[in-house]
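My structure is below; once you've seen it, I'll send some questions.
The values are calculated or read from the model by the stated rules, or taken from the named source; none is laboratory data. All of these numbers come straight from a predicted model, not from anything done at the bench. Reconstructed Cβ throughout: ideal geometry from the backbone, glycine too, with neighbour counts over all protein chains shown.
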Amino acid sequence: MSDTNPNKGLPAKAQVQFDCHGQAVGKMRNELEVNMKLPFEEGPFVLATDEGSFHGGDATAPPPLALFVAGLTGCIMTQIRAFAKRLGVSLNDLNTDVRVTWDWEAKGRVYETAPHSFEIDVLIDSDDAQEKVVALIEAAKKGCFLEQTLGQSNTIRHRMKTATGWVDV
């Protein structure tokens with residue numbers, strides 16, 4: 001029997017790192033170049049975001065929240081498809097419906113937001129037993145980088161470049 005382990009040649013543990021450089025162009029458009037840096041290099045992936053008239057943009061690209069929800073949707077779908085092969089679960093068809101809701105509150109001339117809910121409906125057509133399909137979804141949830149990030153408290157560091165160096169904000 002040949003060795004078909006898809007993890008063969010990879011370390012048992014590694015860090016996965018993506019870097020993104022963004023540049024403001026136009027009214028509200030941002031051009032983004034994303035590169036995977038670890039555990040190996042891939043990219044660049046060139047994306048853009050824009051806003052509609054609410055923020056003074058021209059809607060020439062999806063708003064950042066659309067890319068965020070698309071990333072979450074694509075992440076869980078990718079993990080389900082990749083892990084189905086690894087776990088021997090048949091997939092005749094796969095669809096997902098993802099709903100992400102935030103709370104929004106005006107605060108003077110700006111606003112504040114907070115996450116309200118993340119809901120992922122998975123529609124799998126499989127010839128396998130329900131238990132196998134549930135195990136597949138459970139594995140995919142644990143393998144989805146974005147879902148795992150959203151499921152815990154995170155510290156996000158912001159820095160601002162000044163004439164004398166970087167300042168934490």
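Give, as residue ranges, the strands (runs of 3 or more DSSP E) completely inside the range 94-169 that count at least 1 residues that are among the hydroxyl-bearing types (Ser, Thr, Tyr). Walk me through how you get there before you give the answer.
Numbers: elements: 110-125, 159-162, 165-168.
Strands (runs of 3 or more DSSP E) meeting the threshold: 110-125, 159-162.
Looking at residue 89, is it touching a residue at least 40 places away in the same chain (Cβ under 8 Å), surrounded by 16 or more Cβ atoms within 10 Å (Cβ to Cβ) and touching a Ser or Thr at 6+ places or on another chain (Cβ under 7 Å)?
Taking the combined requirement at face value, the residue satisfies it.
Among 72, 94, which is the only one that is modelled with pLDDT of 95 or more, touching a Phe, Trp or Tyr at 6+ places or on another chain (Cβ under 8 Å) and in the same structural domain as residue 120 (by TED's automatic domain parsing)? I'd like the intermediate steps shown before the answer.
Values: 94 fails: touching a Phe, Trp or Tyr at 6+ places or on another chain (Cβ under 8 Å).
It is 72.
Let me ask another. Out of 6, 44, I need the residue that is exposed (fewer than 15 other Cβ atoms within 10 Å of the Cβ), in contact (Cβ under 8 Å) with a residue 60 or more places away in the chain, not hydroxyl-bearing (Ser, Thr, Tyr) and not in a helix (DSSP H, G or I). Which one?
Numbers: 44 fails: in contact (Cβ under 8 Å) with a residue 60 or more places away in the chain.
Exactly one residue qualifies, and that residue is 6.
Looking at the range 61-79, which of the residues that are of a type in the set (S, T, N, Q) and surrounded by 15 or more Cβ atoms within 10 Å (Cβ to Cβ) is farthest from residue 26 (Cα to Cα)?
Here the residue is 79.
Let me confirm something: among 129, 139, 66, which residue is closer than 29 Å to residue 13 by Cβ and of a type in the set (A, V, I, L, M)?
On the way: 129 fails: closer than 29 Å to residue 13 by Cβ; 66 fails: closer than 29 Å to residue 13 by Cβ.
Criteria check complete, one pass: 139.
Read through the list (1) in contact with a Phe, Trp or Tyr (Cβ under 9 Å, 6 or more places away or on another chain); (2) of a type in the set (A, V, I, L, M, F, W, C); (3) within 24 Å of residue 88 (Cβ to Cβ), then give the number of the only condition that residue 122 fails.
Exception for residue 122: condition (1).
Go through (1) surrounded by 14 or more Cβ atoms within 10 Å (Cβ to Cβ); (2) within 19 Å of the chain's Cα centre (by Cα) for residue 84 and report which single condition fails.
All conditions are met except number (2).
One residue is enough: does the range 27-35 have a residue meeting the conditions assigned to a loop (DSSP other than H, G, I, E, B) and under 16 Å from the mean Cα position of the chain (by Cα)? Please lay out each step first, then the result.
Going through the range 27-35, the residues assigned to a loop (DSSP other than H, G, I, E, B) turn out to be 27-28.
Within this subset, residues satisfying the condition of being under 16 Å from the mean Cα position of the chain (by Cα) are none.
The answer is no, given that none of the residues of the range 27-35 is assigned to a loop (DSSP other than H, G, I, E, B) and under 16 Å from the mean Cα position of the chain (by Cα).
Considering the range 9-26 alone, what residues qualify as being in a strand (DSSP E or B) and within 27 Å of residue 148 (Cα to Cα)?
Step one: filter the range 9-26 for residues in a strand (DSSP E or B), giving 17-25.
If the condition is that a residue be in a strand (DSSP E or B) and within 27 Å of residue 148 (Cα to Cα), then 17, 18, 19, 20, 21, 22 are the ones that fit.
Tell me yes or no: at least one residue of the range 133-146 is at pLDDT 95 or above, acidic (Asp, Glu), closer than 15 Å to residue 74 by Cα and not assigned by TED's automatic domain parsing to the domain that holds residue 18.
Keep residues of the range 133-146 that are at pLDDT 95 or above, which gives 133-146.
Right, trim to acidic (Asp, Glu) and you get 138.
After this cut, where a residue has to be closer than 15 Å to residue 74 by Cα as well, the list is none.
Checking the range 133-146: not a single residue is at pLDDT 95 or above, acidic (Asp, Glu), closer than 15 Å to residue 74 by Cα and not assigned by TED's automatic domain parsing to the domain that holds residue 18.
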